[in-house]
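S.K.: Take a look at this one; I'll ask things after.
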Amino acid sequence: MPKIVAANWKMNLRRQSACELVSALKAEGRKCWLFPAFPLLGPVADTLIGGGLRLGAQDVSPEPDGAFTGDVSAEMLVDAGCELVLVGHSERRKQHGELGDLLARKLKRAAEGGLETVYCVGETLNQRKAGKAREVVKEHLSTLQGARKVAAVAYEPVWAIGTGETATPAQAEEMHAFIRGELKTLGLDVPILYGGSVKPGNARELLAQAHVDGVLVGGASLKLESLRAIDEAALES
Ligand code: PEP
């Protein structure tokens, strides 16, 4: 199975810069998964039509349509052209206090609304230093109990996100193998992506690991040159 390159654009880009990037990726025949901010979903959806790119949102409401000011339902995201959604990203866990129960409701709602999920897990530096990395990841994974329509799990050690620090390929491989085993006990056989300061300079080595089925890229996914180089590394792995 080809390795996956997913781009988390976070709260970056504008209509023009996002659409230019998407047009270029489409013209090159790339098959990345793109996660733009909400206001960019419509224009990006229109731009990627006819190519192999897949569109996803960065968040989904745990509620169906209704009186939830500021929220966006799974059905709205599907209507906007999304097939995928991120759930459990560490920035949402930390900045918005999103924890197990809420995340489980988001996973359920996403599936009911017709979205596939990329579910993110990962330990902080303190937790790793305390020897608790596996315990934390296992706890994050337990939220997937009974989950449907899981497109992928992303292992994103919090200490490597946006910091320039990357897990070594050996660290990534070791945790991915652990996650693979845990997913099996949950009855899930899905790709496991690595995320955390993936760049053109380290992507090839990370993607060469047997249990690394792809990458979730933040900062380096905002520019065509770096995203292209990472995608080339994935295609050659
Ligand atoms: C992310 O936010 O999912 C991420 C991996 O970011 P970065 O690549 O910038 O570390």
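The values are calculated or read from the model by the stated rules, or taken from the named source; none is laboratory data. Since the model is a prediction, treat every value here as computed from it, not as a measurement. Ideal geometry is used to build each Cβ from the backbone, glycine not excepted, and the neighbour counts take in all protein chains shown. These area figures cover heavy atoms from the full protein model, side chains too; ligands, DNA and RNA do not enter into them. Shrake-Rupley method; radii C 1.70, N 1.55, O 1.52, S 1.80 Å.
S.K.: Are any of the pairs K26/K108; K106/K199; K10/K94; K108/K129 more than 25 Å apart by Cα-Cα distance, and if so, which?
M.R.: The answer is K26/K108; K106/K199; K108/K129.
S.K.: A follow-up question, please. When ligands, DNA and RNA are left out and all protein chains stay put, how many square angstrom of accessible area per residue does the range 4-236 have with a 1.4 Å probe?
M.R.: For the range 4-236, the per-residue accessible area is 44 Å².
S.K.: Express in % the proportion of alpha carbon pairs of the range 107-153 at distances exceeding 12 Å.
M.R.: Value for the range 107-153: 62 percent of Cα pairs lie more than 12 Å apart.
S.K.: How much of the accessible area of the range 76-233, in percent, comes from carbon and sulfur atoms when a 1.4 Å probe is used?
M.R.: Result for the range 76-233: 51 percent of the exposed heavy-atom area is carbon or sulfur.
S.K.: Let me ask something else about it. Let me know the charge dipole size of the chain about its Cα centre in debye, to the nearest 20, where only the beta-carbon of Lys, Arg (+1) and Asp, Glu (-1) is charged.
M.R.: Charge dipole of the chain: 280 debye, to the nearest 20.
S.K.: So what does log10 I(q)/I(0) come out to for the chain at q = 0.08, 0.10, 0.11 Å⁻¹, using the Debye formula with one equal point on every Cα and no solvent?
M.R.: Those come out to -0.26, -0.42, -0.51, one per q.
S.K.: Still on this structure, I have one more. For the chain, what is the calculated [θ] at 222 nm in deg cm²/dmol (nearest 500), taking -39500 (n - 2.57) for each run of four or more DSSP H residues and dividing by its residue count?
M.R.: Result for the chain: -12500 deg cm²/dmol, rounded to the nearest 500.
S.K.: While we're looking at this one, here's another question. Tell me, how many Å apart are the Cα centres for the range 99-135 and for the range 23-97?
M.R.: Spelled out, the Cα-based centre of one part sits 18 Å from the other.
S.K.: Could you grab the relative contact order for the range 4-236? Cα pairs under 8 Å, six or more apart, rounded to a whole percent.
M.R.: For the range 4-236, the relative contact order is 19 percent.
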